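The values are calculated or read from the model by the stated rules, or taken from the named source; none is laboratory data. Keep in mind it's a predicted model, so treat the numbers as computed, not measured. Using ideal geometry, Cβ is built from the backbone for each residue, glycine included, and neighbour counts are taken over all protein chains shown. The accessibility values were calculated without ligands, DNA or RNA, using every heavy atom of the protein model including side chains. Shrake-Rupley method; radii C 1.70, N 1.55, O 1.52, S 1.80 Å.
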Amino acid sequence: MMITRHPAGRPVTYYGEEPITDHDGYAVEVAGEEGTEWCRLRIATAVGSRVRISAELNESDVRETIARLAAWLEDHQEQK
């Protein structure tokens, strides 16, 4: 089961124990806000940074993103 985080006083759920951080320090978060049907994919310049961009994805967009990531993973594993 996925670990979720719920910041005090905010109607949002973050998925995962902490943001995913790449080799340059960029942080990726997946979040959902109560009362909406949107999945927010947020990329920040660093963990905890207020400088960030985000996309609000509907269910269809989330499924398409998952499919693209799965295709990349399959291609990447085949190359090894």
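Overall, the stretch 6-80 carries a charge dipole of about 280 debye about its Cα centre when +1 sits on the Cβ of Lys and Arg and -1 on the Cβ of Asp and Glu, all other atoms neutral.
Given N residues in the chain, what is its alpha carbon radius of gyration divided by 2.2 N^0.38 Å? Please list the in-between numbers first.
Working: Rg = 14.1 Å, N = 80, 2.2 N^0.38 = 11.6 Å.
Relative to the rule-of-thumb radius for its length, the chain sits at 1.21.
For the chain, with all protein chains present and a 1.4 Å probe, just round the carbon and sulfur fraction of the accessible area to a whole percent. Taking all protein chains in place, the chain shows 54 percent carbon and sulfur surface. Rolling a 1.4 Å probe over the heavy atoms of the protein chains gives the chain an accessible area of 82 Å² per residue. Is the shape of the stretch 4-44 rounded, prolate or oblate, going by the alpha carbon gyration tensor and its root eigenvalues a ≥ b ≥ c, with a/c under 1.5 for rounded and a/b larger than b/c for prolate? Prolate, since a/c reaches 1.5 and a/b exceeds b/c. The value of relative contact order for the stretch 1-52, using C-alpha pairs under 8 Å at least six residues apart, is 26 percent.
Relative to the longest principal axis of the Cα atoms of the chain, the long axis of helix 59-79 makes an angle of roughly 40 degrees.
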